[in-house]
1. At a Förster distance of 45 Å, what's the computed FRET efficiency of VAL16 paired with SER182, Cβ-Cβ distance as r, to 0.05?
2. Could you size up the charge dipole of region 1-124 around its Cα centre, putting +1 on the beta carbon of Lys and Arg and -1 on that of Asp and Glu, and report it in debye to the nearest 20?
3. Given a 1.4 angstrom probe, what's the average accessible area per residue across region 85-126, in square angstrom?
4. Any idea how far apart VAL110 and ILE59 come out in nm if each label point goes 7 Å out from Cα toward Cβ?
5. At a 1.4 Å probe radius, carbon and sulfur cover how many percent of the accessible area of the chain?
6. Under 10 Å, Cα contacts only: if you run a Gaussian network model on the chain, which one of SER162, SER121, SER18 comes out with the highest mean-square fluctuation?
7. Figure the gain on full extension for LEU103 and GLU170 (residue separation times 0.36 nm, minus the Cα-Cα span) and round it to one decimal in nm.
8. Hey, in the GNM for the chain with a 10 angstrom Cα cutoff, which one of ALA156, ALA76, ALA27 fluctuates hardest?
Amino acid sequence: MQKQKESRNLAIGLTVLSAAGRLAPHAPNLTPLGGSCLFAGSRIPGALAYLLPLAVMAITEPIVGGFSRVSPVVYACFLLSVWIGRRLLPRVTPIRVGAAAFLCSLQFFVFTNLAMWVVASGVDRSLNTGALYTRDLSGLAACYAVALPFWGRTLAGDLLFSGALFGLYELAARRMQTEASSTLAPSTDN
């Protein structure tokens, strides 16, 4: 029971720490948040896995630029990343983490840019600007083409931070296990 509680606390701490990393200076879309959502889904039990990323987003969003009309889709994508972690990573291997991080990055790219196209293909009366994209397949393709460099950074961040989080977790969990077993071992001193 104690080991399970320590493991849970470690997972929560790593998730909050990495997700808060979005406040650190970084290249656009190269943040630990996607990786922390994947990690939370895999390692934090219950609804808390979904609530932690939402809380971090809600707290940090006003600091890093505020909400937009695409924000609900961004939040939904991060929740989907938690779900992917829950479903694809009950057993963690480097290949599975890499594949899940790729899938998280891909769904984020597809859904957020679809939402951006919907928003940017209409007239934005608040900015007094016309549409950025046409409301057809060529406009949608143009939106995705413009977003490709951002996807590369998202993918890099998701792979890097997912690997780091899962790796740190395993190292810390093994260290805690080693320390626990050494305190329980009988003394050989006489």
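The values are calculated or read from the model by the stated rules, or taken from the named source; none is laboratory data. Fair warning: this is a prediction, and the values are worked out from it, not measured in the lab. Heads up, the Cβs are rebuilt from the backbone with ideal geometry, glycines too, and the neighbour counts pull from every protein chain shown. Side chains are part of the model used for accessible areas, which takes the heavy atoms of the whole protein and leaves out ligands, DNA and RNA. Shrake-Rupley method; radii C 1.70, N 1.55, O 1.52, S 1.80 Å.
1. Working from the Cβ atoms, E equals 0.95.
2. I would put it at about 580 debye.
3. I get 55 Å² per residue for region 85-126.
4. 3.2
5. Carbon and sulfur: 68 percent of the exposed surface of the chain.
6. Between SER162, SER121, SER18, it is SER121 that shows the largest mean-square fluctuation.
7. 21.9 nm
8. Checking each option, the largest mean-square fluctuation is seen for ALA27.
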